[in-house]
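Below is one structure, written out as structure tokens; comments come after it.
The values are calculated or read from the model by the stated rules, or taken from the named source; none is laboratory data. Every value quoted in this text rests on a predicted model; they were computed, and no experiment measured them. Using ideal geometry, Cβ is built from the backbone for each residue, glycine included, and neighbour counts are taken over all protein chains shown. Note: accessible area is taken over every heavy atom of the protein model, side chains too, but ligands, DNA and RNA are not part of it. Shrake-Rupley method; radii C 1.70, N 1.55, O 1.52, S 1.80 Å.
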Amino acid sequence: MNARETLKINKKGHLEIGGADCVELTEKFGTPLYAFDEAYIRKMMRIYRDTLYNEYGEKGLVLYASKAFSCKAIYRIADEEKIGVDVVSGGELYTALRAGFPAEKIYMHGNNKLDYEIGEALDCKIGCIVADAYSEIDKIDAEAKKRGMKQKILLRINPGVEAHTHAFVQTATTDSKFGFSIQDGTAEKASIYALSKENVILEGYHCHIGSQIFEKQSFVIAVEKCMRFAADMKEKHGFVMQTLNLGGGYGIWYTDEDRKISPEGYAEYLQALISAVKEKAKENGLKLPYLLIEPGRSIVGEAGITLYTVGAIKEIPGIKTYVAVDGGMFDNPRYALYQSKYTPILANRANEECTEMVSIAGKCCESGDLIAVNVSLPKAKSGDILAVLSTGAYNYSMAMNYNRNLIPPCVLVKDGQAEYIVLPQTYQDLTRNDVIPTRLQKK
Ligand code: PLP
């Protein structure tokens, strides 16, 4: 069970999220179902926002990395909490704008933004575009010129620090499709190139060193490298960095192999970054930049769970027991993609002792369609409600219609009451865009 106030076990022995009984949620909304605790999401947004303002003054902004979970309601929450967002596609930008999110507080990422996405960003007067290639600088410049405007940009730079979970490495050259490398001089060349463009305003730099990172030191080293680079740019070219965006990547609890960080504990990551920025600004004779961070997973990840109904159970003597659920890689492809680990519990028998090691299988026609492997559970039976914890980030946003399965709906729970924020798909949704050419039509 995670450490959060998000989840509890009630007197009936049922799991609760945000004060709502998960079994009752499934009776009302069916399964599979994504459920999110609004209080937790708001709490995380506030912790980052307040820490930034308290430690750095209002000279910065927290951006929610909306790729973690994008739908209209989450942009409304971010707006109410007075933070910004980042988007990585025209689709995310469209969703944010349709939710009434202020364009000036949107930052756009992506390693290969399409012409029309850049056009849409400029048309809505987006706050800033993070350019990730020479061709993007050209496109932004050309599209801005067409519109008689100047567009603020950051350059995504690669500080040569790569971090994942408990380990980080410093590399001389980074093999990544993202960013301009500091070490090989590309970041400097790209900066000079951007500065030569008439219709873009180079505000500064962005870096994001990885995901699910627990090691504070890796963030601090990235800050040091970015600040040193900014100092070099000032000394060599007179360019003064106005803005520094340090990305996201703070790790969350998925299983007991991960650290449990209290919501307040995440403030320490930001404090460490802020101290490093202040120290390095002083050391390098730089003014303090406008500071941005972009947490995604740590805001919504532990706020969300997925509820399934257990179906077929297959015991293979001496090998393994598969407990199949009515979802799978189409609502959570993360095991199939990265062998990500999750903690499942039986939501209708949450107090019962775990007596079995099982693997949780999905319903797709794919052997790799698994949600969790070798996890302990009470003896499951068909009809049980299985909750998979910490699925709020990169689950719904990565969901797909493989095998023409329906992407589950999302509900948002506040004070024990749940409402849809994403409606269930229907079979009609699946065939809406299908076209049968005349020659194939049934005569
Ligand atoms: N910013 C950028 C540029 C990213 O690529 C990502 C994730 O991939 C994030 C922010 C959010 O990272 P996380 O959800 O791990 O906080």
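The table below gives the values:
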quantity: Single match in 367, 376 (criterion: free of Cβ contacts under 8 Å to residues at least 12 places away in the same chain and within 18 Å of residue 314 (Cβ to Cβ)); calculated: 367
quantity: Test set (1) within 16 Å of the ligand (Cβ to nearest atom); (2) touching an Asp or Glu at 6+ places or on another chain (Cβ under 8 Å); (3) closer than 19 Å to residue 218 by Cβ - residue 266 fails condition number; calculated: (2)
quantity: Test: residue in segment 24-36 that is over 22 Å from residue 306 (Cβ atoms) and without any contact (Cβ under 8 Å) to a residue 40 or more places away in the chain; calculated: no
quantity: Residue tally, condition over 17 Å from residue 294 (Cβ atoms) and under 24 Å from the mean Cα position of the chain (by Cα), over segment 221-247; calculated: 1
quantity: Considering residues of segment 233-253 that are touching a Gly at 6+ places or on another chain (Cβ under 8 Å) and within 16 Å of the ligand (Cβ to nearest atom) only, the residue farthest from residue 194 (Cα to Cα); calculated: 252
quantity: Residues of segment 266-287 that turn out to be open to solvent by 70 Å² or more (accessible area, probe 1.4 Å) and outside any helix (DSSP H, G or I), as a count; calculated: 1
quantity: Among residues of segment 288-315, those that are among the charged types (D, E, K, R) and within 26 Å of the chain's Cα centre (by Cα), counted; calculated: 3
quantity: Count of residues meeting criterion [farther than 14 Å from residue 330 by Cβ and open to solvent by 10 Å² or more (accessible area, probe 1.4 Å)] in segment 395-417; calculated: 5
quantity: Some residue of segment 15-37 being within 16 Å of the ligand (Cβ to nearest atom) and closer than 26 Å to residue 110 by Cα; calculated: no
quantity: Unmet requirement for residue 70, which otherwise passes all of (1) over 27 Å from residue 241 (Cα atoms); (2) of a type in the set (Gly, Ala, Ser); (3) away from the ligand (no atom under 15 Å from the Cβ); calculated: (3)
quantity: Among residues of segment 28-49, those that are assigned to a helix (DSSP H, G or I) and either under 24 Å from residue 62 (Cα atoms) or in contact with an Asp or Glu (Cβ under 9 Å, 6 or more places away or on another chain) (or both), counted; calculated: 12
quantity: Checklist (1) outside any helix (DSSP H, G or I); (2) open to solvent by less than 10 Å² (accessible area, probe 1.4 Å) applied to residue 211, failing item; calculated: (2)
quantity: Qualifying positions in segment 307-319 - surrounded by fewer than 20 Cβ atoms within 10 Å (Cβ to Cβ) and at negative phi; calculated: 309, 311, 312, 313, 314, 315, 316, 317, 319
quantity: Residue match in segment 83-95 (condition: within 25 Å of residue 288 (Cβ to Cβ), among the aliphatic types (A, V, I, L, M) and open to solvent by 10 Å² or more (accessible area, probe 1.4 Å)); calculated: no
quantity: Boolean, residue 218 is open to solvent by 40 Å² or more (accessible area, probe 1.4 Å), over 29 Å from residue 149 (Cα atoms) and either at pLDDT 95 or above or within 15 Å of the ligand (Cβ to nearest atom) (or both); calculated: no
quantity: Residues within segment 92-112 that are of a type outside the set (A, V, I, L, M), at pLDDT 95 or above and within 16 Å of the ligand (Cβ to nearest atom), tallied; calculated: 4
quantity: Some residue of segment 94-104 being over 22 Å from residue 306 (Cα atoms), assigned to a helix (DSSP H, G or I) and of a type in the set (S, T, N, Q); calculated: yes
quantity: Matching strands (runs of 3 or more DSSP E) fully within segment 288-386 where at least 2 residues are within 16 Å of the ligand (Cβ to nearest atom) and in contact with a Leu (Cβ under 8 Å, 6 or more places away or on another chain); calculated: 290-293
